[in-house]
Number of protein chains: 2
Amino acid sequence: MGGQEIEQLIRLLGRLPGFGPRSARRVALYLLREPHTRLAPLARAMERAGEAIRTCSSCGNLDTSDPCHICSDPLRDKGLVCVVETVGDLWALERAGVHRGVYQVLGGTLSPLAGVGPEDLNVSALLTRLHEGSVREVILALGATVEGASTMHWLMDRLETYEGLTISRVAQGVPMGGALDVLDDGTLAAALGARRPA
Amino acid sequence: MGGQEIEQLIRLLGRLPGFGPRSARRVALYLLREPHTRLAPLARAMERAGEAIRTCSSCGNLDTSDPCHICSDPLRDKGLVCVVETVGDLWALERAGVHRGVYQVLGGTLSPLAGVGPEDLNVSALLTRLHEGSVREVILALGATVEGASTMHWLMDRLETYEGLTISRVAQGVPMGGALDVLDDGTLAAALGARRPA
């Protein structure tokens with residue numbers, strides 16, 4: 001549609017998560033209608049973010065500094081490490097403001113079918129910290145999926161060798177604001193099994 | 001979330017049509033996870049498209065050449081002009097491959113509430129062509145909205161002064177593959193009113 005530069009832009013936009021050809025064209029048109037006020041600033045922001053981005057060598061977070069602003073924050077509890085699958089999970093917990101410790105981003109889950117083994121997961125920094133004896137508790141905040149569960153069990157095997165370390169996992173149950181009749185059986189079983197005195 | 005460059009990228013992504021904070025973060029993370037293979041190529045494609053983009057001085061299409069590839073195509077029928085609201089409408093008709101003439105992109109519809117008057121619509125090129133007497137038929141392909149209808153009537157008033165000019169409008173009715181029971185009353189009334197021998 002009108003020149004290879006435009007077609008290339010639409011093609012690359014179409015690869016973004018949640019995008020199809022239709023939304024790619026819509027966004028391309030939106031940007032191209034105002035090249036100076038819409039397209040150029042976004043291209044510039046991408047370039048700047050791409051130049052500034054660092055992967056935290058300690059926890060695996062994406063940030064503009066290494067160590068990231070969480071790992072270098074003296075107020076964060078370094079003895080409390082929350083293990084998450086992705087940077088997106090870390091960001092979600094940070095937005096909620098519910099974790100006062102630090103993180104370890106695995107960068108995925110064990111998945112033999114997808115060829116992801118233990119060596120592909122980012123745990124070395126966590127193990128180093130455990131060896132140093134500076135960690136008091138590890139919270140496993142992995143997804144409630146088959147891969148998340150098998151990754152959790154593999155991690156627990158490795159963590160149980162550290163004496164005096166508390167290993168916990170996030171609770172499963174009915175999400176806030178969620179109606180019971182739309183939940184799957186697994187969630188209902190977990191919620192019922194983990195019931196507490198009211 | 002992690003540095004002002006990343007925050008700025010998420011903010012600008014969140015302004016795109018169809019985006020919210022959630023999808024902006026998701027796309028930002030997708031791009032930032034692979035800065036060299038995902039983010040950089042897209043930023044480059046945006047810059048190139050921004051530099052190459054031209055608005056066709058004849059029809060108003062967005063293209064990398066002016067006049068656009070449609071207006072400069074000797075095989076297109078210059079005597080048959082299809083009037084559309086937006087470049088997106090033009091692209092949709094081109095993808096369908098159903099129009100062998102040329103276009104006139106108004107760039108919007110009359111909308112007193114939004115402060116869009118006749119002087120804001122791009123019709124001068126069309127009127128010039130009409131004065132030259134080179135146009136045989138004008139097809140009005142405007143949206144079936146209040147604004148589209150008022151724009152169409154305003155245009156018809158101006159076009160009716162040209163003798164011998166055929167003015168037509170796209171048909172309204174049941175969309176292909178569309179079930180009747182999900183259509184609104186207006187569409188049903190139009191489809192019934194414009195019924196043809198089977």
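Descriptive notes on the structure:
- Charge tally around A:V84: other residues with Cβ under 14 Å, Lys/Arg +1 each, Asp/Glu -1 each, net -2.
- Rounded Å value of the spacing that divides the Cα centres of region A:132-198 and region A:14-51: 38 Å
- For region A:4-52, the relative contact order is 23 percent, taking Cα pairs closer than 8 Å that sit 6 or more residues apart in sequence and dividing their mean separation by the residue count.
- Per the axis that maps chain A onto chain B, nearest residue of A (Cβ criterion) and its distance in Å: A:A43, 2
- Stretch gain in nm, segment B:L188-B:R76, where the contour uses 0.36 nm per residue and the Cα spacing is subtracted: 36.9 nm
- For chain B, the 222 nm mean residue ellipticity estimated from helices alone, with every DSSP H stretch of n ≥ 4 adding -39500 (n - 2.57) and the total spread over all residues, rounds to -12000 deg cm²/dmol.
- Value of Rg to Rh for region B:75-134 (Rh from inverse mean 1/r over Cα pairs, i.e. Kirkwood): 1.02
- Dimensions in Å of region B:91-178 - Rg and Dmax from alpha carbons: 13.9, 42
- Degrees separating the helix A:40-52 axis from the principal Cα axis of chain A, which is the longest one: 40 degrees
- Applying 1/(1 + (r/R0)^6) with r as the Cβ-Cβ distance of B:L180 and B:V146 and R0 = 35 angstrom yields a FRET efficiency of 0.90.
- Region A:4-52 - Rg over Rh from alpha carbon coordinates, Kirkwood radius: 0.99
- Stretchable slack from B:R136 to B:D157, in nm (0.36 nm times residue separation minus alpha-carbon distance): 5.9 nm
- Charged-residue dipole, Cβ positions (Lys, Arg, Asp, Glu), the protein assembly as shown about Cα centre, Debye nearest 20: 20 debye
- Computed over the protein assembly as shown, the P(r) tail beyond 26 angstrom holds 66 percent of alpha carbon pairs.
- Once both labels are positioned 7 Å from their Cα atoms along Cα-to-Cβ, the gap between A:A114 and B:E51 label points is 3.7 nm.
- For residues of A:20-31, the mean tally of beta carbons on other chains within 10 Å: 4
- Helix A:4-13 axis, angle to chain A major axis (alpha carbon atoms, nearest 10°): 20 degrees
- Positive minus negative residues near A:L13 (Lys, Arg vs Asp, Glu; Cβ under 10 Å): +4
- Taken residue by residue and averaged, Cβ atoms of other chains lying within 10 Å of the Cβ of B:37-45 number 6.
- Each copy carries a label point for A:R196 at 7 Å from Cα along the beta-carbon vector; from one copy to the others these points are 6.8 nm apart, nearest first.
- For chain B, modelled as a GNM whose springs connect Cα atoms under 10 angstrom apart, the maximal fluctuation among B:V81, B:V102, B:V174 occurs at B:V174.
- Most tightly packed first, judged by the mean number of other beta-carbon atoms within 10 Å of their residues, the peptides B:178-189, A:112-123 read A:112-123, B:178-189.
- Across the alpha-carbon set of chain B, the Rg to Rh ratio works out to 1.06, Rh being the Kirkwood radius.
- Positive minus negative residues near B:V102 (Lys, Arg vs Asp, Glu; Cβ under 15 Å): -3
- Taking trypsin sites (Lys or Arg not before Pro) in DSSP loop states with no more than 13 other Cβ atoms inside 10 Å as exposed sites, chain A has its longest site-free stretch at A:101-194.
Values quoted throughout were computed directly from the atomic coordinates according to the rules given, and no laboratory measurement underlies them. This one's a predicted model, so the numbers in the text were calculated from it and none came from an experiment. Please note: Cβ atoms are built from the backbone with ideal geometry, for glycine as well, and neighbour counts cover all protein chains shown.
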